[in-house]
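Scroll down for the structure; my scribbles are underneath it.
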Amino acid sequence: MPLESKQENDPLVWLEQHGDSLYRFARSRVRDSFAAEDLVQETLLGAYRSRDKFSGQSAVSTWLIGILKHKIMDYYRKLTPESGDDTIDEFAYNMDGLFNEKEKWKIKPGDWGGDPKSVYERKELMAAIHTCLGEMPEKMSRVYTLREMEGATTDEICKLFQTGKSNCWVILYRARMLLRRCLEISWFGEKE
Amino acid sequence: MRHWIFSCKQITGKISESMDRKLPLLERMGIRFHLMMCKLCTRYQKQLRFIRETLRSGDGSKESSAISCELSHEGRKRIKKNLLEETEGGK
């Protein structure tokens, strides 16, 4: 079923109605604000060019997000060759400090109490997570975001970053360790 | 026999890995065995799961809005201009 009203077919209307949410979606995955804007633009252009393919079975917003996801993957793919693993290796030391020589916890995971329930708290928590992700080496946060937010499989990630599976697992492991620790300090307010 | 007895440090790695793939039975047992006795690693596992749930539940078009940001005025203008070029140029 093709789009019926002319309005629904107009990329300017899409920009008006979905621009901000597309941008937020992009920004939560791509740090560079200009790159995120470009992605929104590419998405709307892409949507316009393939408007005949839109089946009308899903909401316009869902359709646009779907296109945006592809654009984000393309963006990651283009960036990949430049980013090496060196920065990630530098973060190894951070982890060693967490355990003692018997490999038991030295800096013990704190009690985070109950899960944040209110919308406000959840929003704040998400903001804290994004701040922490921003402090990670970029490749690491990209791999991690793909896995946890997009639910990409390790296979897909390995292909994208042209790296071996075990390396992927190591990157994900370090990302989780770092993020957990960062949240413990910034969000759950551990006294250091 | 000892290769399924993990230290806390090893367990944190295995727990993370188990979130990305299905581990061999022996390792899964090793994790369970360790967690039965280790409160801290249990806590660690819960926290990792909690972070994942938080990230995944905040997904989708609506609630990725955790980051409160909007398209900048200039950005919007630029996109508009390029869209107009495309739509009008195509006619």
Which lysines have a Cα lying under 16 Å from the Cα of A:Lys123, excluding residues fewer than 8 positions away in the same chain?
B:Lys62
Residues B:Phe33, A:Phe99, A:Phe25 arranged by fewest to most Cβ contacts within 10 Å:
B:Phe33, A:Phe99, A:Phe25
Most exposed first by the Cβ proxy, i.e. fewest other Cβ within 10 Å, how do A:His130, B:His73 rank?
B:His73, A:His130
Using a Förster distance of 51 Å, how high is the FRET efficiency between B:Leu25 and A:Ser55, based on the Cβ-Cβ distance and rounded to 0.05?
0.70
Take the residue pairs A:Lys78/A:Lys159; A:Lys159/B:Lys9; A:Lys104/A:Lys139; B:Lys22/B:Lys46 and return only those whose Cα atoms are more than 23 Å apart.
A:Lys159/B:Lys9; A:Lys104/A:Lys139
Any idea what % of Cα-Cα pairs in the range A:7-80 are farther than 16 Å?
42
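Computed from the coordinates by the stated procedures, all read-outs in this text should not be read as laboratory data. Just so we're clear, the structure is a prediction, and the values are computed from it rather than from any experiment. Positions of Cβ are backbone-derived with ideal geometry, glycine not excepted, and every protein chain shown enters the neighbour counts.
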